[in-house]
Amino acid sequence: MTRPETIVHDTPQPPYPIKHKSPIISGFGRGSSELGIPTANIPVNQQLNDLPTGIYYGWCKIYPHPQQLESTEQRPDGQDVVFNHGNKLCKADLTTVWPMVMSIGWNPFYHNKTKAAEIHIIHKFQQDFYGADLQYVVLGYIRPELNYTTKEALIKDIELDIKIAENILKNPEYAKFEHDLE
Ligand code: ADP
Ligand code: RBF
Ligand code: MG
């Protein structure tokens, strides 16, 4: 399938806005290492599961857990994942409401066996924040999940998703939802 054009409405249409707060869990670790595009994985709750699989955009905010001690989890491939619960982030990282793109689905390029929901925050952080809570508001749909013949083609499409999301979120009718997370 070729990439369909994104339909943009003047304001978010039902079922959006969809707002939740979830803990950041670990995935396969491919986002940063293979694509250079880290994604904070979150549980697929009922409302996300009811959406068509595909790529979405919205806003999000990170909430640390200052009381929680650091712990380590092992991925199936033996790689260690340190859960610092967001306690290493600086104040600005935690007070800013960030633009995001979200992928919900099976990652056809990687043939995943379970459905994942992953949020790429459009900002470069200095460290990971596994185990922090992520509050997010989904405002619209960009495109379906696609398969690709090369990793580079997938990266190029994600970069286009990011540009589209940034553009839509500048519209005051979408920008105002930023304040829903403050
Ligand atoms: P995983 O498969 O475990 O989700 P990733 O390679 O996708 O691994 O990396 C995700 C982790 O990277 C997130 O859980 C988060 O702690 C961290 N991270 C750093 N920068 C970002 C960002 N801009 N957006 C989302 N997560 C980020
Ligand atoms: N994976 C796919 O297999 N096909 C896609 O079309 C696709 N689009 C994505 C778009 C965005 C904005 C993001 C953040 C991820 C996308 N992914 C897609 C998921 C990607 O394969 C996944 O993030 C990595 O495998 C790391 O988990
Ligand atoms: Mg991820």
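The values are calculated or read from the model by the stated rules, or taken from the named source; none is laboratory data. As the structure is a computational prediction, the values presented were derived from the model and not from experiment. FYI the Cβ positions are ideal-geometry reconstructions off the backbone, even for glycines, and counts take in every protein chain you see. Each accessible area value is taken on the protein alone, full model and side chains, heavy atoms only, with ligands, DNA and RNA left out. Shrake-Rupley method; radii C 1.70, N 1.55, O 1.52, S 1.80 Å.
Of note:
- Residue in the range 139-149 that is farther than 17 Å from THR53 by Cβ, in contact with a Cys (Cβ under 8 Å, 6 or more places away or on another chain) and in a strand (DSSP E or B) present: no
- Residues that are crowded, with 16+ Cβ neighbours inside 10 Å, closer than 23 Å to GLU166 by Cα, within 16 Å of ligand 3 (Cβ to nearest atom) and not polar (S, T, N, Q) do not occur anywhere in the range 3-18.
- Tally of residues being of a type outside the set (Phe, Trp, Tyr), within 10 Å of ligand 1 (Cβ to nearest atom), part of a strand (DSSP E or B) and free of Cβ contacts under 8 Å to residues at least 60 places away in the same chain across the range 41-100: 3
- The range 90-106, subset over 20 Å from LYS170 (Cα atoms) and within 16 Å of ligand 3 (Cβ to nearest atom), residue most open to solvent (accessible area, probe 1.4 Å): TRP106
This table checks each residue for (1) touching a residue at least 12 places away in the same chain (Cβ under 8 Å); (2) aromatic (Phe, Trp, Tyr); (3) under 18 Å from ALA116 (Cβ atoms).
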{"position": "GLY140", "(1), (2), (3)": "yes, no, no"}
{"position": "PRO144", "(1), (2), (3)": "yes, no, yes"}
{"position": "ASN147", "(1), (2), (3)": "yes, no, yes"}
{"position": "ALA153", "(1), (2), (3)": "no, no, no"}
{"position": "ALA165", "(1), (2), (3)": "yes, no, no"}
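- Some residue of the range 46-57 being closer than 16 Å to GLY140 by Cβ, crowded, with 18+ Cβ neighbours inside 10 Å, of a type in the set (Val, Ile, Thr) and within 8 Å of ligand 2 (Cβ to nearest atom): yes
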